[in-house]
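The values are calculated or read from the model by the stated rules, or taken from the named source; none is laboratory data. Just so we're clear, the structure is a prediction, and the values are computed from it rather than from any experiment. As a convention, Cβ positions derive from the backbone with ideal geometry for all residues, glycine included, and neighbour counts pool all protein chains shown.
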Amino acid sequence: MKTKIFLLFLACFLFCSGPAKADSISLVRVIEILKQEISLLQLLLSNMQSVSPVSAAAYLAVDLSNNDVLLEKNPNQTYSIASITKLMTSLIALENIDQEEEIVLTKDMLSPLGQSPSLFAGLKIKAGDLIKAALIQSSNDAAESLSYFLGQKKFIKLMNDKAKELDMISTIFYDVHGLNAANVSTVQDLVKLLFYIEKNQPEILNITKSNDFWLPDEDGVNLKFQNVNNFYPLTAFIGGKTGYLVEAKQTLASIFNVQGKQIALVLLHSANRQADVFTILKKLE
């Protein structure tokens, strides 16, 4: 019963919380969005009830208030991180690009796999909106567009320089979106990144919780950027990023509120990150 009430409440909230300015959104499209949201929530609730052991090859849970390690497995083993890459991409963009800066998109910027219909050649868009697209829907073309503004080689160098600055000694980036499986890190290194973001650029975490970001396509139809960080409905979710590649399996670098404490939780090479997260959170409670 509680599950049904929760789903109904969320559906009503999502139905009413879309942008009032989006008059071009049809009722059919709204219903499609609601169905998708409910399907995602049902999966989340199913994994919440899971009693399976943690499948991730590496994980680390750290209390950010005192750096106490609460749980760990293979903390220094490197794995491909997939779209967790975009946390560093967004950090570099925030620290090096004015968020009001307008960027004109080109075909080259939109070349990566996973193009968003609301991002098209000739569009003039603020850097801040590209960061939102990259973090919320994990848009690869949004991340690529940010790198072009500073120059791809320079941008990736800044990412690797930042990793060195944060003592992420086992981390290296070859692209800005994570499609390259050679982007690798450790759960220990990624906790360092989360710690820095929480202290210096918490807006990144706030963005990853949002599920109300819309942009018009070429025809002026407002399209929603669906949040793929599936934990965003949970009040305990402070923020973070998920990722997936065949080589990386499922990945996650996030911060959760556990009994009033901010806990950094990182999983790499997971078969089911949702079930893994809930299993770990239960152990921490």
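Counting residues that are farther than 25 Å from Pro75 by Cα and more than 17 Å from the chain's Cα centre (by Cα), which helices (runs of 4 or more DSSP H) fully inside the stretch 87-204 reach at least 2? If you could, list the steps in order and put the result at the bottom.
On the way: elements: 127-136, 140-150, 152-165, 187-200.
Because the criterion is at least 2 residues that are farther than 25 Å from Pro75 by Cα and more than 17 Å from the chain's Cα centre (by Cα), the helices (runs of 4 or more DSSP H) in the stretch 87-204 that meet it are 140-150, 152-165.
Where residues in the stretch 153-184 are of a type outside the set (Lys, Arg) and within 12 Å of Ile92 (Cα to Cα), which of them is surrounded by the fewest Cβ atoms within 10 Å (Cβ to Cβ)? Break it down stepwise before answering.
Of the stretch 153-184, the ones of a type outside the set (Lys, Arg) are 155-156, 158-161, 163, 165-184.
The next check asks that each one be within 12 Å of Ile92 (Cα to Cα); those that pass are 155-156, 158-161, 163, 176.
Numbers: Phe155: 23, Ile156: 21, Leu158: 21, Met159: 22, Asn160: 16, Asp161: 11, Ala163: 20, Val176: 29.
For the stretch 153-184, the residue satisfying everything is Asp161.
In the stretch 136-149, the qualifying residues are those that are more than 18 Å from Leu205 (Cα to Cα) and among the small types (Gly, Ala, Ser), and the one that is surrounded by the fewest Cβ atoms within 10 Å (Cβ to Cβ) is Ser147.
The rows are residues; the columns are (1) within 14 Å of the chain's Cα centre (by Cα); (2) in a strand (DSSP E or B).
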residue	(1), (2)
Ser210	yes, no
Asn227	yes, no
Leu252	yes, yes
Ile263	no, yes
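Look at the stretch 119-147: where a residue is over 18 Å from Ala82 (Cα atoms) and a partner is of a type in the set (Lys, Arg) and at pLDDT below 95, sitting 6+ places away or on another chain with Cβ atoms under 7 Å, you get Ala121/Lys107. Residue count for the stretch 172-219, restricted to those that are touching an Asp or Glu at 6+ places or on another chain (Cβ under 8 Å) and of a type in the set (Lys, Arg): 1.
Among the residues of the stretch 36-54, those that are surrounded by fewer than 15 Cβ atoms within 10 Å (Cβ to Cβ) and either closer than 23 Å to Phe173 by Cα or of a type in the set (A, V, I, L, M) (or both) comprise Leu43, Val51.
Checking the structure you have, find out if any residue of the stretch 217-227 is of a type in the set (Lys, Arg) and crowded, with 21+ Cβ neighbours inside 10 Å.
Residues of the stretch 217-227 of a type in the set (Lys, Arg): 224.
Those still in the list that are crowded, with 21+ Cβ neighbours inside 10 Å too: 224.
Within the stretch 217-227, one or more residues are of a type in the set (Lys, Arg) and crowded, with 21+ Cβ neighbours inside 10 Å.
Could you check, for the stretch 199-211, whether at least one of its residues is surrounded by fewer than 22 Cβ atoms within 10 Å (Cβ to Cβ), in contact with a Phe, Trp or Tyr (Cβ under 8 Å, 6 or more places away or on another chain), closer than 20 Å to Tyr59 by Cα and not polar (S, T, N, Q)? No, because not a single residue in the stretch 199-211 is surrounded by fewer than 22 Cβ atoms within 10 Å (Cβ to Cβ), in contact with a Phe, Trp or Tyr (Cβ under 8 Å, 6 or more places away or on another chain), closer than 20 Å to Tyr59 by Cα and not polar (S, T, N, Q). Per the listing Ala133, Ala57, the residue uniquely farther than 20 Å from Lys154 by Cβ, of a type outside the set (Lys, Arg), surrounded by 23 or more Cβ atoms within 10 Å (Cβ to Cβ) and in contact with a Phe, Trp or Tyr (Cβ under 7 Å, 6 or more places away or on another chain) is Ala133.
Figure legend. Inter-residue proximity from the stretch 263-285: first residues at positive phi, second residues crowded, with 21+ Cβ neighbours inside 10 Å and outside any strand (DSSP E or B), beta-carbon distance below 8 Å, spacing 6+ or different chains. Indicated pairs: His269/Ala56; His269/Ala248.
May I ask you to verify whether Asn76 is surrounded by fewer than 18 Cβ atoms within 10 Å (Cβ to Cβ) and under 17 Å from Thr186 (Cβ atoms)?
Criteria met by Asn76.
Evaluate the stretch 182-192: report whether one residue or more is out of contact with any Gly (no Cβ under 7 Å at 6 or more places or on another chain) and either over 22 Å from Ser270 (Cβ atoms) or of a type in the set (Phe, Trp, Tyr) (or both). Before the answer, list the steps.
Restricting attention to the stretch 182-192, the residues satisfying the condition of being out of contact with any Gly (no Cβ under 7 Å at 6 or more places or on another chain) are 182-192.
Of the ones still in play, those that are also either over 22 Å from Ser270 (Cβ atoms) or of a type in the set (Phe, Trp, Tyr) (or both) are none.
No.
On the given criteria, is Ala58 more than 26 Å from Phe213 (Cβ to Cβ) and in contact with a Leu (Cβ under 9 Å, 6 or more places away or on another chain)? Answer is yes for this residue. Within the stretch 228-242, restricting attention to residues that are surrounded by fewer than 21 Cβ atoms within 10 Å (Cβ to Cβ) and either touching a Leu at 6+ places or on another chain (Cβ under 8 Å) or aliphatic (A, V, I, L, M) (or both), the residue that is farthest from Gln137 (Cα to Cα) is Ala236.
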